[in-house]
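Below is one structure; the comments refer to it alone.
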Amino acid sequence: MRPKRVGLLRQSVEVPSPPSPRSPPPRTLLVGGLGSSSPPIIGADSHGITSFDQQQLNDQRPQRRYGLLSAIKAAIMDSWVSEKKKSPEVRIEYVALTGEGEEGIEGCGRCTSCGLAPPRKKLLLKKKWSLQIYVTIMGIALLIGIFFVNLGDSIKHSILGDRNSPNDYDPFVNWGKPGSGTEELSWYPTDFLQDVLPIPAHSHNDYWRKVPLFSALWAGCTGVEADVWLRNGDLLVGHDLASLQVNRTFQNLYVNPLVDILTHQNPTTPFYNGTSNGVFDTDASQTLVLLIDLKTDGPKTWPWVIKQLEPLRERNWLSYYANGTFHKRPITVVGTGNTPFDQILTANATAPFKRDAFFDAPLDKLEDSPYDWTNSYYASVSFFRSIGLVFWKGEPSPGQLFKIRTHIAEAKERGLKSRYWELPAWPIHVRNRVWEVLVEEGIDMLNVDDLKAAKEEDWRKAETFRRIRW
């Protein structure tokens, strides 16, 4: 049996207006609630009708929390409130229910007494809209977060480049440690060079590597560079005076290791007794350029260089010029820096008509100069000073591209290997684009500081080699 309902709590919202005989009575709105319980802070007037001001009602409401989501939610909730419900006074009264009203409340339609939708349905609708908007906002925020994470990773890669992965193979981790077999280069060198492909890259400031010479060979570089200083009757290797050490000599870092490598590559056996094999197994005919940058007085230092190259010379491993012909050998010596050109032209004492060291000619001053393939091998110049700055995308201007093409063409005409040093190294995408432009234009030797990046370049592509001539 259905319990009998005594009364229904109603809320009336009245908007004050000038008295008029035609004005309709104030509209009474159903707000919900049954029974005889009364809300707090309600005072009864002489007519038995309870009322209180809107300000009193607002004082009893919980304070809103302000924030981005709270503000959005509040704006949505406020949009559901009709302007007609905003009144300075709220009047609450009890009215006895009729049978028609009871059936209207229990039915699924609208209340027959006031014509409003049931409050529970309105509340569920509000919650549904709030949830949809909240999920939409969170989804948009997630997409924005993913976008900025990817953007940051792209910027980091563009500016800093890739860092070595923990799985990257490094043959020099245990170099020189007891039991590693590298204490005195007693191991067979092609253990890590057997799959290396030579590339037209020059290891700039090679002596800065963890293991000079071998790091460049492992990357496939066909040119290495050593800065030498004449100190106390010996040639020390280093970028400046502060980096010089008595055990880091030209012979220890370059001459002696090259002799050991080439000895293994050119063994004396019943099957072979030659001297033409170079340092690379994959291309035994490829020569390795040993660029020697003199940092001290040229006329005094160069004779010491010629003297310390004797172990390579006596084994016929140095490229030389004689009788109008260039004879390529496993090692090609080139002098730069303070190297005196007149001493390059002077024949050595042991072979008056044989020149086994060559000059690094100025690439931007080849016109009307004495430099050619008979006395020089490289033709180099600073990219920054001769070509200038490149823009953010790494694309040279038409004037810069014209200079590059002119330099490379002039070097090829004289039989020299063109090379730019002081290339832009940062940002990474600019450096890579400059590399691509130089290779596309036919540069003979690419000056590199990042050996890992040079090694990972796909130099076997046809377009990479289409203009390179060894």
If we keep just the residues of the stretch 261-312 that are of a type in the set (A, V, I, L, M, F, W, C) and surrounded by fewer than 16 Cβ atoms within 10 Å (Cβ to Cβ), which is farthest from Phe341 (Cα to Cα)? Phe271
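So that you can scan it fast, the table gives a plain yes or no per residue for (1) farther than 23 Å from Lys300 by Cβ; (2) under 34 Å from the mean Cα position of the chain (by Cα); (3) not assigned by TED's automatic domain parsing to the domain that holds Thr287:
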{"position": "Val334", "(1), (2), (3)": "no, no, no"}
{"position": "Thr346", "(1), (2), (3)": "no, no, no"}
{"position": "Leu363", "(1), (2), (3)": "yes, yes, no"}
{"position": "Pro370", "(1), (2), (3)": "yes, no, no"}
{"position": "Ser382", "(1), (2), (3)": "yes, yes, no"}
{"position": "Gly399", "(1), (2), (3)": "yes, yes, no"}
{"position": "Arg405", "(1), (2), (3)": "yes, yes, no"}
Would you mention how many residues in the stretch 389-443 are out of contact with any Gly (no Cβ under 8 Å at 6 or more places or on another chain) and of a type in the set (Val, Ile, Thr)? 5
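Does Ala411 count as in contact (Cβ under 8 Å) with a residue 60 or more places away in the chain and within 21 Å of Thr222 (Cα to Cα)? Step through it out loud before you land on a result.
Working: in contact (Cβ under 8 Å) with a residue 60 or more places away in the chain: no; within 21 Å of Thr222 (Cα to Cα): yes.
Spelling it out, it is not the case that Ala411 is in contact (Cβ under 8 Å) with a residue 60 or more places away in the chain and within 21 Å of Thr222 (Cα to Cα).
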Scan (1) surrounded by 15 or more Cβ atoms within 10 Å (Cβ to Cβ); (2) farther than 20 Å from Asn205 by Cβ for the single condition Val333 breaks and write down its number. (2)
Out of (1) aliphatic (A, V, I, L, M); (2) surrounded by 15 or more Cβ atoms within 10 Å (Cβ to Cβ); (3) part of a helix (DSSP H, G or I), the one Ala242 does not meet is (2)
From the list Val255, Val246, Val228, which one is modelled with pLDDT of 75 or more and under 20 Å from Pro330 (Cβ atoms)? Val255
For the stretch 192-214, what are the residues that are out of contact with any Gly (no Cβ under 8 Å at 6 or more places or on another chain), buried (at least 21 other Cβ atoms within 10 Å of the Cβ) and closer than 17 Å to Leu253 by Cα? His204, Asp206, Pro212, Leu213, Phe214
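The values are calculated or read from the model by the stated rules, or taken from the named source; none is laboratory data. This structure is a prediction, so every number in the text was calculated from the model and none was measured. Reconstructed Cβ throughout: ideal geometry from the backbone, glycine too, with neighbour counts over all protein chains shown.
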